[in-house]
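The values are calculated or read from the model by the stated rules, or taken from the named source; none is laboratory data. If you're wondering where the values come from, they're calculated on a predicted model, not measured in any experiment. All Cβ positions, even for glycine, are placed from backbone atoms using ideal geometry, and neighbour counts span all protein chains on display.
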Amino acid sequence: MNDRELLKELESLGSEQTRKTYKRHGVGDKQFGVSYANLGKLQKKIKVDHDLAGKLWASGIHDAQLLAIMIADPSEMTVKEIDVWARSVSNYMLTDALAGLVSKTRFAIEKAEKWTKSKDEWLGSAGWQLLGGLALRDASLPDSFFQPYLEAIASKIHGSKNRVRYAMNGALIAIGCRNTQLEKKAMAVAAKIGKVEVDHGDTGCKTPDAASYIRKTMAYQKAKTAKA
C-alpha cells in the first residue's frame with residue numbers, strides 16, 4: 001500500500017464524532033478523524049515502514065502523522081528528520097506521540113537537553129516528555145543527570161507555557177519514581193511548587209498531583225518487591 005492509497009483509506013475511516021473529539025484536544029481542521037483503534041489496526045497491518053512514515057508525515061494531516069509515528073523505525077530516524085517533524089507539530093497529541101518515538105532513538109538525550117530549554121510550547125513539552133521517558137527507562141543515567149532538571153522545575157514550572165507545565169509535572173513524577181534517592185528530592189520539589197495549574201480546554205483531562213502520584217507509585221513498587 002502506497003501513501004496515496006493509505007491516505008484514502010484513512011479518509012474513509014474518519015468520523016465526525018472523532019473529529020470533534022480531536023478538536024477539543026487542540027487538533028485543527030486538517031484531520032480525518034480516525035480513531036486510535038483504527039490507527040492501531042493499520043499499524044498492525046503495516047508494522048514498520050519508515051519510508052512510508054515519512055510520506056505520511058509530509059501530508060500534514062493529523063491522523064496520517066499519528067500513524068507515521070506508529071510505523072516509523074526509531075533506528076532510521078536522523079537528527080534532521082526529527083527536527084523537521086518536531087517543528088511541524090501544533091498540538092499536544094502529536095507532541096506526546098513524537099516524544100515517545102524520539103525516546104527510542106539514539107538522539108533521545110541530546111533532544112531532551114535541547115528541547116527542555118526551548119521557548120516554543122510544543123518543543124518544550126516534547127523535551128520534558130522525553131526527560132520523563134529517560135527517567136523511567138534509561139538505567140544508565142546517574143542521579144546527578146536529573147538534578148538540574150529538578151531545580152529547573154522548582155524555579156520555572158509556574159512561569160512556563162501551558163503544556164510545558166503539564167510535561168514538567170509529568171517529568172517530576174517520573175524522576176521521583178526512579179529510585180528512593182530521587183523520590184526524596186522530587187517530593188521536596190513537589191512540596192515547594194504546590195498545585196500545578198494546566199488548562200485542559202473542553203476535555204475531562206486532569207493534571208495529576210505529583211506528590212500523591214509519586215507516593216502511591218513508590219509504595220506499590222516497594223510492596224511488589226517485598227512480595228517477590
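Hey, among Tyr22, Tyr36, which residue is within 24 Å of Thr203 (Cα to Cα), surrounded by fewer than 21 Cβ atoms within 10 Å (Cβ to Cβ) and under 17 Å from the mean Cα position of the chain (by Cα)? Full working, then the answer.
Details: Tyr22 fails: surrounded by fewer than 21 Cβ atoms within 10 Å (Cβ to Cβ).
Only one candidate qualifies: Tyr36.
How many residues does segment 48-62 contain that are surrounded by 21 or more Cβ atoms within 10 Å (Cβ to Cβ) and over 16 Å from the mean Cα position of the chain (by Cα)? Steps first, please.
So the first thing to find is which residues in segment 48-62 are surrounded by 21 or more Cβ atoms within 10 Å (Cβ to Cβ), and the list is 53, 56-57, 62.
Those still in the list that are over 16 Å from the mean Cα position of the chain (by Cα) too: 53, 56-57.
Qualifying residue count, segment 48-62: 3.
Which residues, taken from segment 1-36, are among the polar types (S, T, N, Q) and touching a helix residue (DSSP H, G or I) at 6+ places or on another chain (Cβ under 7 Å)? It would help to see each step written out before you state the result.
Start the filter on segment 1-36 by keeping residues that are among the polar types (S, T, N, Q), which leaves 2, 12, 15, 17-18, 21, 31, 35.
Result: Gln31, Ser35.
Condition first: of a type in the set (Phe, Trp, Tyr) and part of a helix (DSSP H, G or I). Can you find one or more residues in segment 19-28 that meet it?
yes
In segment 91-148, how many residues are surrounded by fewer than 21 Cβ atoms within 10 Å (Cβ to Cβ), within 18 Å of Cys205 (Cβ to Cβ) and among the small types (Gly, Ala, Ser)?
Here the count works out to 2.
Only one residue in Leu98, Leu94 is within 19 Å of Arg24 (Cα to Cα), at pLDDT 95 or above, in the same structural domain as Trp128 (by TED's automatic domain parsing) and of a type outside the set (Gly, Ala, Ser), so which one is that?
Sole residue among the options that is within 19 Å of Arg24 (Cα to Cα), at pLDDT 95 or above, in the same structural domain as Trp128 (by TED's automatic domain parsing) and of a type outside the set (Gly, Ala, Ser): Leu94.
Wholly within segment 130-214, which helices (runs of 4 or more DSSP H) include no fewer than the required count, namely at least 1 residues that are more than 21 Å from the chain's Cα centre (by Cα), more than 22 Å from Asp120 (Cβ to Cβ) and not small (Gly, Ala, Ser)?
On the way: elements: 143-156, 162-176, 180-193.
Ranges flagged: 143-156, 180-193.
Take segment 12-69 and flag every residue that is over 22 Å from Trp85 (Cβ atoms) and among the acidic types (Asp, Glu).
Residue satisfying the conditions is Glu16 alone.
Identify all residues within segment 157-205 that are without any contact (Cβ under 8 Å) to a residue 12 or more places away in the chain and either farther than 23 Å from Thr95 by Cβ or surrounded by 14 or more Cβ atoms within 10 Å (Cβ to Cβ) (or both); write none if there are none.
Across segment 157-205, the qualifying residues are Lys184, Ala188, Gly194, His200.
Suppose we filter segment 149-182 for residues that are under 12 Å from Thr207 (Cβ atoms) and among the charged types (D, E, K, R); how many remain?
2
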